[in-house]
1. Against the longest principal axis of chain B, how steep is helix B:147-172, in degrees 0 to 90 to the nearest 10, with axes from Cα atoms?
2. Just tell me how shielded A:176-187 is by partners: mean number of partner chain Cβ atoms within 10 Å of each residue's Cβ, no decimals.
3. Excluding residues on the same chain fewer than 8 positions from B:LYS214, give the lysines whose Cα lies under 23 Å from its Cα.
4. Quick check: the angle from helix B:77-110's long axis to the longest principal axis of chain B, C-alpha only, nearest 10 degrees?
5. Just from its helices, what would the mean residue ellipticity at 222 nm be for chain B, if runs of 4 or more DSSP H residues each count -39500 (n - 2.57) and the sum is divided by every residue, rounded to the nearest 500 deg cm²/dmol?
6. How far is B:ASP10 from the same spot in each other copy, in nm, shortest first, if each label point sits 7 Å from Cα toward Cβ?
7. So what's the protein assembly as shown giving for Rg/Rh, alpha carbon basis, Kirkwood Rh from the mean inverse pair distance?
8. Enter the angle in degrees (range 0 to 90, nearest 10) between the Cα long axis of helix B:121-144 and the first principal axis of the Cα atoms of chain B, meaning the one along which they spread out most.
Number of protein chains: 2
Amino acid sequence: MTWLRSAFQDELDGVTATLVGLSSLVSDAISKATHALLTANLSEAEAVIAADDRVDDIQHELDARIIDIIARQQPVASDLRALVTALRMSADLERMGDMAHHIAKITRLRHPGAAVPSELLLTIEEMGKVARTISDKVGGIINSRDIDKALEVERDDDEMDKLHRKLFTTLLDPKWPHGIETAIDITLIGRYYERYADHAVSVARRVYFQVTGKFSK
Amino acid sequence: MTWLRSAFQDELDGVTATLVGLSSLVSDAISKATHALLTANLSEAEAVIAADDRVDDIQHELDARIIDIIARQQPVASDLRALVTALRMSADLERMGDMAHHIAKITRLRHPGAAVPSELLLTIEEMGKVARTISDKVGGIINSRDIDKALEVERDDDEMDKLHRKLFTTLLDPKWPHGIETAIDITLIGRYYERYADHAVSVARRVYFQVTGKFSK
């Protein structure tokens with residue numbers, strides 16, 4: 001059975017590698033989407049929108065592969081749970097790609113204007129940085145199964161929530177000089193960054209649970 | 001093998017019944033969340049918020065049961081795909097419950113004020129009705145595997161998108177008399193109804209794919 005077991009391990013490693021690759025693609029997407037948003041850069045926004053198809057394709061291929069592994073190898077207990085968890089992680093990562101895509105679409109919609117007024121540039125830039133940090137960490141965690149790093153992601157998410165609240169405080173300032181359209185854009189943009197971070201936290205929690213058998217929160 | 005096969009079929013039927021039950025719970029939640037929102041009814045909003053825990057519990061129990069069935073029965077081909085699809089449907093339905101929960105939280109936040117100004121009551125009421133119609137249909141489709149009904153859900157979703165656009169048109173009217181806070185609330189509320197319908201469409205598409213082996217769109 002040794003060679004069989006080892007072939008299975010190779011397949012699991014392949015799944016992990018693809019998940020790490022997906023997290024790197026969405027990290028890249030959120031960085032570029034943020035840069036495009038802050039600089040009203042249409043071609044960069046278009047590139048983010050186009051690149052999301054690749055994330056979707058990889059996710060579909062990965063899901064089919066995972067189901068095929070389950071069917072052929074008939075894993076039980078922790079191996080089966082690892083594969084089901086991988087299916088859920090791939091769904092989270094695909095959704096993170098969608099959030100970057102949504103942000104890029106707002107950039108495109110407002111071009112040649114800018115969706116983000118100058119007084120919010122720094123906050124959004126910070127949200128983009130936190131988002132990228134979180135998904136970079138998540139890629140590392142999927143690979144290393146480092147549970148201390150997995151807990152760190154919760155703190156990064158608290159930072160994102162703080163920035164999200166700051167966004168609303170600025171919008172609700174009675175002196176807010178911009179109109180309703182900008183308020184709608186900022187509300188949606190804020191929601192997309194927050195959801196991006198939520199999905200990253202969800203991936204980190206799944207790793208934590210797999211390693212420890214306990215919930216991190 | 002007949003009795004084994006039939007025990008497996010019983011388990012699959014049990015999974016289907018739980019999914020139908022979940023869809024009925026979220027239908028109920030979105031109806032009550034809408035009513036609470038339109039009437040600024042705090043106790044009804046609190047009830048929706050509390051009831052979401054039950055949806056989450058049922059989903060967790062269902063997911064554990066599905067993984068246990070896969071481990072014990074080691075299904076292949078279409079049976080395995082049906083179980084993996086059930087896992088995804090339960091995630092969609094749980095998320096629909098979250099959307100009702102989010103709407104109820106806005107009602108609670110603004111109480112005793114009303115989150116929705118009078119000129120938008122009818123549009124939101126309509127969105128709530130479409131949401132309920134969609135999830136009621138989805139419950140029926142999970143049970144009957146009726147692919148014509150599954151296609152109908154796509155049209156209901158188009159109706160939801162139309163209402164969503166109408167919401168933005170009203171917000172962007174230069175004569176919009178309400179402030180930024182109301183615009184933020186309405187933007188988020190609109191997004192929650194839209195996502196509720198998106199997840200319902202996702203369930204309908206999964207049924208369609210399972211029955212026909214083709215994508216509906």
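Values in this text are rule-based calculations from the coordinates and carry no lab data. Model, not experiment: these values are computed from the prediction. Note that each Cβ is placed from the backbone with ideal geometry, even for glycine, and that neighbours are counted across all protein chains shown.
1. 20
2. So the per-residue partner count for this stretch is 5.
3. The qualifying lysines are B:LYS137, B:LYS149.
4. 20
5. Per the formula, -31000 deg cm²/dmol.
6. For B:ASP10, the inter-copy label distances come out at 4.2 nm.
7. On the way: Rg = 22.2 Å, Rh = 22.8 Å.
We get a ratio of 0.97 for the protein assembly as shown.
8. In chain B, helix B:121-144 runs at an angle near 0 degrees to the longest axis.
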